[in-house]
Amino acid sequence: MRQQIEGYRNRIVNKENEIKGIERERAELQRIVAGYQQRLEDAPLNEQQYNALLREFDLARQDYIDMSKRHDASEMGQSLEEHKAGENLEVLDPATLPEQPSEPNRLAWAGIGTAAGLGLGIMLAAAQEVRNTSLKNLKDVRAYTNMPVLSSIPLLENALLVRRKRRLVWLAWSSAVIVGSILMTGSMYYRFSGM
């Protein structure tokens, strides 16, 4: 019995030692898990610190580039001063602004436009006249046909038709004058405003 009791006690001690070892392992694992948990919680903070470091690095690099450019410029200026050794640069003839533009020559373009418009108008009128083959009066009939003319009917116009024609002529001339005035005013404004 004593041996059995002694064996049971040894087993109990062994099991208690195993329990303590397992509890130590569990505590170690919990510590490792807590470390990983802390790393996960600190990850955004580390990323923010990394981005801040990157920004600081970019600013420092830009400052370095600017300073190196200034250093190169100062060395170049110093070497130029050493090479000139007392030479002074003086402006002999200062730059002047032109009094009138070299391009476009507005007067020439206006003349070209007027001549081209007049020529085009004459050509279109001549083409219309050549294309129109109707006989308009007694003289045309006698010139183009060798037939005798027995009689002609005069054109009868009443007062209403005459007034209508006068109104149309007056409207056409007044429209042409108004449009021409607007165009001339616009071109003068464009010319003297300096646009």
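Every read-out reported here was derived from the displayed coordinates using simple, explicitly stated rules and does not represent laboratory data. In this text the structure is predicted, and so the values were computed from the model without any measurement. When we count neighbours, we look across all protein chains shown, and the Cβ atoms used for this are built from the backbone with ideal geometry, even at glycine.
Along the charge dipole of the stretch 72-195, which of SER74, MET123, TYR144 sits closest to the positive end, that is, farthest toward it, with unit charges on the beta carbon of Lys, Arg, Asp and Glu (+1, +1, -1, -1)? Going by the Cα projections, it comes out as TYR144. Bridging of LYS136 to aspartates and glutamates at a Cα separation below 20 Å is possible for GLU157, once same-chain residues fewer than 8 apart are set aside. For the chain, a simple Cβ point-charge model (Lys and Arg +1, Asp and Glu -1, everything else neutral) yields a dipole of about 2300 debye relative to the Cα centre.
Label the chain by shape, choosing from rounded, prolate and oblate, from the square roots a ≥ b ≥ c of the eigenvalues of the Cα gyration tensor; if a/c is under 1.5 it is rounded, and otherwise prolate applies when a/b is larger than b/c, oblate when it is not. It comes out oblate by the Cα gyration axes.
Take the Cα of ARG55, step 7 Å toward its Cβ, do the same at ARG163, and the gap between the two points is 8.6 nm. With the helix formula -39500 (n - 2.57) applied to DSSP H stretches of n ≥ 4, the chain reaches a computed 222 nm mean residue ellipticity of -28500 deg cm²/dmol. Can you classify the stretch 1-81 as rounded, prolate or oblate using the Cα gyration tensor, where a ≥ b ≥ c are the square roots of its eigenvalues, rounded means a/c under 1.5, and otherwise it's prolate if a/b beats b/c and oblate if not? Judged from the Cα gyration tensor, the stretch 1-81 comes out prolate (a/c at least 1.5, a/b above b/c).
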